[in-house]
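One structure below.
The values are calculated or read from the model by the stated rules, or taken from the named source; none is laboratory data. This one's a predicted model, so the numbers in the text were calculated from it and none came from an experiment. Cβ placement follows ideal geometry from the backbone for every residue including glycine, while neighbour counts extend to all protein chains displayed. Note: areas computed on protein heavy atoms with side chains; ligands, DNA, RNA excluded. Shrake-Rupley method; radii C 1.70, N 1.55, O 1.52, S 1.80 Å.
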There are 2 protein chains.
Amino acid sequence: MKPAGPIPSHFSALGGELMLGGRTASALVDEAGDTPLFVYSRDAIAARMAELRSAMPERLHIHYAMKANPYGPLLEFMADLVDGLDIASVGEFEQAREAGYLPRETSFAGPGKRDDELFAAIRAGVTINLESEGEADRALEIARTLDVKPRLAIRVNPSFELRGSGMKMGGGAKPFGVDADRVPALARRLVDADANWRGFHIYSGSQSLDAEAIAESQANVIALASELAAEADVSVPHLNMGGGFGIPYFAKDEPLDIEYIGRALQRQFNDLPSNLAETQFAIELGRYLVGEAGVYLTRVVDRKISHGTTYVVTDGGLHHQLAASGNFGAVVRRNYPVAIASKFDAEPVEEVNIVGCLCTPLDRLGDDVHMPRAEVGDLVAVFCAGAYGASASPATFLGQGPAQELLV
Amino acid sequence: MKPAGPIPSHFSALGGELMLGGRTASALVDEAGDTPLFVYSRDAIAARMAELRSAMPERLHIHYAMKANPYGPLLEFMADLVDGLDIASVGEFEQAREAGYLPRETSFAGPGKRDDELFAAIRAGVTINLESEGEADRALEIARTLDVKPRLAIRVNPSFELRGSGMKMGGGAKPFGVDADRVPALARRLVDADANWRGFHIYSGSQSLDAEAIAESQANVIALASELAAEADVSVPHLNMGGGFGIPYFAKDEPLDIEYIGRALQRQFNDLPSNLAETQFAIELGRYLVGEAGVYLTRVVDRKISHGTTYVVTDGGLHHQLAASGNFGAVVRRNYPVAIASKFDAEPVEEVNIVGCLCTPLDRLGDDVHMPRAEVGDLVAVFCAGAYGASASPATFLGQGPAQELLV
């Protein structure tokens, strides 16, 4: 038997079934009309945001990194909860505008911004987190053409990285941001070019469950921003400190201690370098805000035995759950939290492999997991499906198409 | 420096640029209107099919496994070249019908077929490769409801596997097919139920470059089919021997010796077991037919240096090239064949990292590759992009959307 990851604590059973937003999994599937289905819970997101606001210093802004989940109704719901939005393309910008975000609350990071993307974002008044000197030249030129004052910040490639991070975005050579030692000259140049200078974006990693490492990284970010500003002799109107807040996906993962991070950050804020006294600080979070609020529901279409192993075959799979299948950055596949949603409070009685419907051995949702007996027609839930699920998976593979989505 | 994979030999330069279908890469981008762009070459596909027909016994049918590339115009083009089509979903079936394939030339394999999929396929007269006894029951029941004689074959999970296969589909416990020891009983049952009995589908692996291993596997498949038919006392109207023919993706990969496979298969055909004398044999190939005929073109949007490493940042990436980025079943990322398409005959002068535009360190197209100097505006080509590219990648990730596609 291999363990599955921990089911987020806010889920419970109703009439024996997994409950989401006060309704059973099967009622939600009926409402959506079909499986596979992503369900995202407003209550879970709101509760997460409330905990976070309470733990973090009041001075800190919280931005939503919409790459985690750009589903329209969810994006609209987030707009009332967060202080800003981080986008990674003009495609995301258009989705954000439809969902009601103001351009001035929006910042745009990404190493490969096209001229047409810079044009649209600068014209609208979005803050550009510049990733290179070349991009800075292009942005200034486009702003001249448009005759506007562009809102420009610099994404810094710091020399430190976030310890224990699932994905390192800083430390050594990286395609992201400008190496710290070249930042002061660029910052000076932007201010001298009369841009609307916004400050720095310093992102050092993501998906960390180590509160101490995150606090240390935030302290490093603040110190670095102060140093760079002093060297360039510029102010720092805004400092985007990145994200990095992880969620438990796998057995033995422990939830992040955000109280610890909040206290450490408050101490930092109590003792800021003088050139950051007026700075607006922000963190950008995606997965941490919405990941645990989502569930992926898929129906059992076959149950079969091969050489003594039982396979529960579902109508979902890696075309909606690439990361859960172990095919998105993972070296070794481990089980996400998974359950038989239609028998949520039943005792586990057998060890099974839960697989998707695709004709490839890569399509795995649960390996050797201990489950209640699932029959054809039962619903399987994969948890932690609120982030990097629907939009980060190859939905058209094998002629399948996207899953349904619901915000409840 | 890390080596890139071998560029397929049919590509050459025209006016210094990569040429496809007699036109330069930049002319094709102009025609498509934008990058990123997949270009597939009719000539390359036709040449590949001609070589294959010439190497294989005349008796052998060649099917196209459309999961490799379902782009409409390409699918239509293939319809005139192959003897049958293998589909993996009803979504693919609908695309196939639009492209002009006849249902009776079409077979449907996949471990998670839904009732609605079985219904549509059986009603149309598609051959179902049954993956379990449970699926057989459902298929027979649906056929009764429809009052038709369903075309049924059994997908066998063989006890052997294809040596050196990139993806093992047989050997031990698998979600695919019915364990060989249970196949005779099921075959007998289908014949007794008065189904239109079609025979067996025995698939043992994919993406092998070892001709001896493939020949050995084909011999095993023929022997197994004969054995199973004898034990069940059924005929074998059709035997789908699977695929497995690989293409060179990485440095040191050598093209598959299809002449060797063809000769070995001819010897098998010369000496068939008597109960296979009337059998129609087929292989199903996807990647081998179209993989090397496709190129992915993306434009350089930035060129930057970080800690001494040069990054060439493009407007494409893993959202169209998941496998090339190393995130689809690969344990260790290796470089696909890659080139500066707009300087195709220029000498390499520098070592660079070619990356995509996504804000994730996973978005890599070429690590430490030796290239001509690429400037902003130059075109980068990723080869072997004809299979498992556009449709097997998370196109909507980070708000990007699908690439353009052209058949030339």
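A few points about this structure:
- Angle between chain B longest axis and helix B:133-146 axis [Cα atoms, degrees, rounded to 10]: 80
- Relative contact order of chain B, pairs being alpha-carbon contacts under 8 Å that are 6 or more residues apart, as %: 22
- Only helices enter the 222 nm calculation for the protein assembly as shown: every DSSP H run of n ≥ 4 contributes -39,500 (n - 2.57), and dividing by all residues gives -8500 deg cm²/dmol, rounded to 500.
- Leading residue at positive end of dipole, the protein assembly as shown (Cβ point charges), from B:89, B:183, A:286: B:183
- Greater than 19 Å apart at Cα, pairs in B:252/B:304; B:67/B:252; A:67/B:304; B:67/B:113: B:252/B:304; B:67/B:252; A:67/B:304
- Each other copy places its own label point for residue B:227 at 6.8 nm from this one, sorted shortest first, where the point lies 7 Å along the Cα-to-beta carbon line.
- Among chain A residues, the beta-carbon with the smallest distance to the axis carrying A onto B is reported, with distance in whole Å, as A:394, 3.
- Whole-angstrom gap from the stretch A:372-406 to the stretch B:181-238, using each part's C-alpha centre: 32
- Surface composition of chain B: carbon plus sulfur atoms hold 47% of the accessible area, using a 1.4 angstrom probe and ignoring ligands, DNA and RNA.
- Amide hydrogen proximity for residue A:130: with H placed 1.01 Å from N in the peptide plane, the residues at 5 or more positions away or on another chain lying under 5 Å are A:153, A:154, A:155.
- When the other protein chains are added to the chain by itself, burial of at least 30 square angstrom of heavy-atom accessible area (probe 1.4 Å, ligands and nucleic acids ignored) affects these residues of the stretch B:110-131: B:111, B:112, B:114.
- Eligible aspartates and glutamates near residue A:149 by straight Cα distance, threshold 15 Å, same-chain separation 8 or greater: A:137, A:141, A:192, A:194
- Amide H to amide H, with H built 1.01 Å from N, residue A:38 comes under 5 Å of A:297, A:404, A:405, A:406, counting only residues 5 or more places away or on other chains.
- Taking the stretch B:70-285 and dividing mean pair separation by its residue count, relative contact order in percent (alpha carbons under 8 Å, at least six apart): 16
- In terms of its C-alpha gyration tensor, the protein assembly as shown has an oblate overall shape, because the principal axis ratio a/c (a ≥ b ≥ c, square roots of the eigenvalues) is not below 1.5 and a/b does not outweigh b/c.
- Counting from the shortest, the label point at residue B:212, 7 Å from Cα toward Cβ, is 5.5 nm from the same position in each remaining copy.
- Among the residues of the stretch A:298-321, those with an accessible-area drop of 20 Å² or more from chain alone to full protein complex, heavy atoms and 1.4 Å probe, are A:301, A:302, A:304, A:305, A:306, A:307, A:311, A:313, A:315.
- A Cβ-based charge dipole, computed about the Cα centre of chain B with Lys and Arg at +1 and Asp and Glu at -1, lands at about 320 debye.
- For chain A, the longest principal axis of the Cα atoms and the long axis of helix A:211-232 meet at an angle of about 20 degrees.
- Angle in degrees between helix A:183-192 and the longest Cα principal axis of chain A, rounded to the nearest 10: 60
- Tensor-based shape of the stretch B:70-285 (alpha-carbon gyration tensor, a/c under 1.5 rounded, otherwise prolate or oblate): oblate
- Model label sites at residue B:159 and residue A:227, defined 7 Å from Cα along the beta-carbon direction, differ in position by 6.6 nm.
- Per residue, the protein assembly as shown exposes 35 Å² of solvent-accessible protein surface, assessed with a 1.4 angstrom probe and all protein chains in place.
- Delta accessible area of at least 30 Å² on complex formation, residues of the stretch A:355-385, 1.4 Å probe, chain isolated as reference: A:357, A:359, A:361, A:362
- The B-A contact accounts for approximately 5100 Å² of buried accessible area, totalled over both chains at a 1.4 Å probe radius.
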